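Written out below as structure tokens is the structure these notes cover.
The values are calculated or read from the model by the stated rules, or taken from the named source; none is laboratory data. Because the structure is predicted, anything quoted here is derived from the model rather than measured. Because the Cβ atoms are built from the backbone with ideal geometry, glycine has one as well, and the counts that use them run over all protein chains shown. Only protein heavy atoms, including side chains, enter the accessible area calculation; ligands, DNA and RNA are left aside. Shrake-Rupley method; radii C 1.70, N 1.55, O 1.52, S 1.80 Å.
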Amino acid sequence: MVEDFYQREPFEGAPASEKTQFFVCYDEHNLYIGSKCWDDPKKITAKELARNASLRYDDRINIILDTYLDKRNAYWFQIGPRGSISDALISENGVAYNREWQGLWTGKAKITDYGWEAEIAIPFKTLSFDKTNTQWGIKFLRMIIDKLERSYWPVANLNTHYFQVSDAGILDGVEDISQGVGLDISPYILTGADTKRGEKSDLKLTGGIDVSYQIMPSLRSMLTINTDFAETEVDERQINLTRFDIHFPEKRNFFLDGANYFYFGIENYSRLNPNGQKIIPFFSRSLGLDENGDPIPVNYGVKLAGQANNWNLGMLYINDQREDNINDFSVMRISRNLWKQSSIGIIGTYGNVINDRSDLVAGADLKLSTSTFQGNKNVSLVFFGLQSNTKDTKEDRSTWGTQFVFPNDFIKARLGYHEIGKNFIAGLGFVPRINIKETYGELEIGPRPNKWGIMQVQSGGTFNYIKNKESGMLETSELKIKPLEIRFLSGEVISYSLINQQENLIADFNIFENFFIPQDNYRWWRNEFKLETRGGRNIRGEGLYSFGNFYNGEREDIEIQLNWKVVVPFFLGGKFIQNHIELSEGSFNANIFELNANVLFSPDITLYNFIQYDNATKNAGWQSRFQWILKPGNEIILAWNSSSLKSGNRFFINESNLRFKIKYNIRF
């Protein structure tokens with residue numbers, strides 16, 4: 001039993017304000033964890049009922065399992081007072097975590113007269129581990145929303161990442177456990193119909209299968225045939241007012257499972273640094289989706305992901321139904337652990353979704369990291385390089401860079417530099433901007449007065465400076481000064497930023513519909529205010545307001561998000577984004593509207609409705625997803641997607657698709 005919990009926030013090192021107990025036991029096939037959380041039942045925040053919800057604004061407990069005891073990678077499990085569960089894969093000692101991963105396990109919870117309690121059962125078939133190692137790393141966390149309290153066992157300091165692995169405790173004596181044969185077979189059958197205005201409905205009846213096999217307890221192979229993603233959430237709309245592509249996250253389970261084994265360079269640090277999304281040699285959304293995010297059927301795919309001793313392996317082959325017959329794509333990522341938290345690795349991709357020329361990308365990276373700098377601080381240094389080999393392209397095909405990160409509580413610092421060649425093509429990756437030299441950095445201080453109702457005050461700034469690699473001419477610069485961000489003990493957050501931006505346009509820029517910004521060198525200042533209310537309230541919101549100059553005119557942005565927990569089973573949420581831009585040739589509004597209306601019958605039976613509209617495409621999308629999880633891996637899904645066009649003041653459904661899917665999982 002574990003019960004010695006200490007706060008990380010709001011009062012570092014103080015004993016937890018409420019009693020918490022964890023119990024651990026196991027049999028041959030499952031790991032069982034129970035928890036008792038004392039609290040005033042009237043003060044428990046428990047508004048979420050959905051499976052795989054973030055629980056960011058609910059009371060909850062987390063369990064971190066380092067099954068290899070490598071102090072780098074781990075599984076993360078979470079459960080709230082009403083039995084809502086979710087999970088993730090942690091990598092880079094807590095720097096990165098894949099929240100979209102969905103393992104097969106069960107959990108139940110209930111509110112009692114003394115607080116709340118929970119029990120979870122994790123099959124060893126869901127986990128990868130070294131069978132010869134009888135010690136695992138284990139860590140317990142409890143969040144009490146009413147007090148904004150995070151308590152940990154073992155004790156954690158403010159410099160550790162929220163889900164840091166290296167300071168976990170030890171679960172000893174894990175032996176005589178079994179993954180069975182290690183074979184999972186998951187067939188599905190799907191039926192439905194596609195309709196398009198003015199055309200005859202196209203009826204669907206198909207099926208497919210996913211098979212996974214544990215080659216060894218720590219290394220898993222996967223095969224998918226006629227892959228379907230009917231249950232996948234649609235992307236949130238974005239109106240791109242920049243000259244470069246926008247990054248959208250991966251949401252499909254086949255690609256998310258084991259995704260951490262394919263991370264390269266600074267990609268893992270994208271959560272802490274948006275520059276991590278600028279050089280991604282393998283971006284799984286390039287497969288099975290077209291440039292508009294619409295599905296391309298996947299014929300079959302093979303994946304190998306896991307660990308063997310100190311080696312981390314990720315290999316993938318996909319064949320999809322692209323019309324240009326260039327539909328075979330391969331990825332290989334291998335890295336080796338060095339010392340306690342560092343690594344060295346290589347990556348290779350073959351295939352090209354950008355154009356019809358064959359493309360091979362190869363690269364290497366070195367990551368030097370520690371969580372014990374000056375005793376308890378995190379610091380890392382990354383070097384990476386990539387080379388593309390594209391047919392009929394011979395010069396300036398390389399990319400390289402380095403980044404230093406000091407991501408600690410009182411002082412956060414980051415400094416990075418990279419060069420991307422003019423002819424560098426990441427055929428299976430995401431590199432929105434080429435032929436540049438970019439320098440970027442951040443410095444922020446965050447004292448914690450813990451009085452006057454204030455938890456933390458943060459001040460600092462970031463900068464980006466981008467030059468053309470060939471000419472050396474400045475293309476873009478941005479300086480963001482944040483004089484003040486205040487996190488209150490009540491849960492509210494307010495901030496103000498002053499932004500200076502420069503853009504040197506060498507050609508006219510089509511920003512929106514028929515509006516163009518003429519070629520010229522532009523510089524402007526903008527102000528930005530943000531407000532976030534406490535998440536535990538029945539009604540919570542976030543707001544952003546910014547104003548200032550913009551190219552040869554002015555810009556005013558408004559973003560409002562409101563969420564309302566009507567009662568526990570019902571949720572309403574809305575979001576409105578408006579960019580009002582006045583240019584010398586005229587003005588326009590870029591608007592996005594979103595509405596969520598969800599009914600959560602239980603953690604296993606849910607109905608999600610998501611409606612969104614943007615005035616750039618003048619298209620309204622509606623997705624409804626009903627999901628019934630009979631048991632983990634066995635599901636019934638009914639999904640409806642529609643696209644409506646606006647004509648005058650009316651909308652009409654232009655096309656829609658209905659899918660009914662049954663999934664079944666057999667474990668040996």
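Descriptive notes on the structure:
- The length gained on full extension between Tyr417 and Thr195, counted as 0.36 nm times the residue separation minus their Cα-Cα distance, comes to 75.0 nm.
- Per-residue packing, averaged as other Cβ atoms within 10 Å, sorts the ranges 509-521, 110-122 into the order 110-122, 509-521, beginning with the highest.
- Cα gyration tensor category, rounded, prolate or oblate, for segment 196-351 with a/c compared to 1.5: oblate
- Across segment 388-483, the mean sequence separation of Cα contacts (distance under 8 Å, 6 or more residues apart), normalised by length, yields a relative contact order of 21 percent.
- Å³ per residue enclosed by the Cα convex hull of segment 276-372: 116 Å³
- Among Tyr188, Tyr440, the order of accessible area from largest down is Tyr188, Tyr440, computed with a 1.4 Å probe on protein heavy atoms.
- Contact order normalised by residue count of segment 268-412, Cα under 8 Å, 6+ apart, percent: 13 percent
- Virtual spin-label span in nm between Leu241 and Gln387, 7 Å along Cα→Cβ: 4.3 nm
- The chain - convex hull of alpha carbons, volume per residue in Å³: 158 Å³
- In summary, segment 11-88 shows an alpha-carbon radius of gyration equal to 1.24 times the 2.2 N^0.38 Å reference for compact globular proteins.
- Ignoring aspartates and glutamates fewer than eight residues from Lys204 along the same chain, the ones with Cα atoms less than 12 angstrom from its Cα are Asp194.
- Cα gyration tensor category, rounded, prolate or oblate, for segment 74-193 with a/c compared to 1.5: oblate
- Heavy-atom accessible area ranking, 1.4 Å probe, most first, across Thr393, Thr372: Thr372, Thr393
- Cross-link pairs Lys108/Lys565; Lys303/Lys394; Lys47/Lys108; Lys391/Lys422; Lys303/Lys631; Lys108/Lys147 - those with Cα-Cα distance over 20 Å: Lys108/Lys565; Lys303/Lys394; Lys303/Lys631; Lys108/Lys147
- Residues Phe283, Phe576, ordered by accessible area of protein heavy atoms at a 1.4 angstrom probe radius and largest first, appear as Phe576, Phe283.
- Across all directions, the average flat footprint of the convex hull enclosing the Cα atoms of segment 156-246 is 13.5 nm².
- Alpha carbon centroid spacing (whole Å) that separates segment 243-268 from segment 280-299: 11 Å
- Förster radius 25 Å - calculated FRET efficiency between Leu544 and Phe651, Cβ distance, rounded to 0.05: 0.35
- Debye intensity ratio in log₁₀ form over the Cα atoms of segment 294-441, taken at each q of 0.09, 0.15 Å⁻¹: -0.38, -0.93
- Highest mean packing comes first when the peptides 524-537, 443-456 are listed by Cβ atoms within 10 Å, giving 524-537, 443-456.
- Rounded to the nearest whole angstrom, the semi-axes of the ellipsoid equivalent to segment 495-634, taken from the Cα gyration tensor as √(5λ), stand at 39, 19, 12, largest first.
- Cα centroid of segment 469-537 to Cα centroid of segment 552-621, whole Å: 21 Å
- Förster-model FRET efficiency, 51 Å R0, Phe576 and Asp172, C-beta, rounded to 0.05: 0.45
- Accessible surface of Met315 - all protein chains present, 1.4 Å probe, nearest 10 Å²: 70 Å²
- Pairs beyond 27 Å (Cα-Cα), from Lys340/Lys412; Lys19/Lys575; Lys377/Lys482; Lys251/Lys437; Lys42/Lys530: Lys19/Lys575; Lys251/Lys437; Lys42/Lys530
- Note on Lys646: lysines with a C-alpha under 19 Å away, same-chain residues under 8 apart excluded, are Lys196, Lys618.
- The GluC sites (Glu not before Pro) of segment 387-442 meeting both criteria, a DSSP state outside H, G, I, E and B (loop) and at most 11 other C-beta atoms within 10 angstrom of the site's C-beta, are Glu395.
- Label zone at His29, where the point sits 7 Å out along the Cα-to-Cβ direction: segment 77-108 residues whose backbone N lies under 17 Å: 104-107
- Order by protection proxy (mean Cβ within 10 Å, highest first), peptides 191-197, 609-615, 629-635: 609-615, 629-635, 191-197
- Cα-based convex hull, segment 343-394, per residue volume (Å³, whole number): 82 Å³
- Gyration tensor (alpha-carbon) shape descriptor, segment 524-597, a/c threshold 1.5: oblate
- Fully extending the segment from Ile209 to Gln519, taken as 0.36 nm per residue of separation minus the present Cα-Cα distance, adds 106.3 nm.
- Karplus-derived 3J(HN,Hα), 6.51/-1.76/1.60, for each residue of segment 576-587, Hz, glycine and proline x: 10, 10, 10, 10, 9, 10, 10, 10, 5, 9, x, 10
- For segment 412-522, projected area of the alpha-carbon convex hull averaged over all directions, nm²: 10.2 nm²
- Kirkwood hydrodynamic radius over Cα pairs of segment 573-633, then Stokes diffusion coefficient at 4 °C and 1.567 mPa s, in µm²/s: 92 µm²/s
- Surface composition of the chain: carbon plus sulfur atoms hold 55% of the accessible area, using a 1.4 angstrom probe and ignoring ligands, DNA and RNA.
- FRET efficiency estimate (nearest 0.05) - Cβ-Cβ, Thr402 to Ala308, R0 30 angstrom: 0.55
- Reachable aspartates and glutamates, given that their alpha-carbon falls under 13 Å from the alpha-carbon of Lys200 and they are not under 8 places away in the same chain: Glu655
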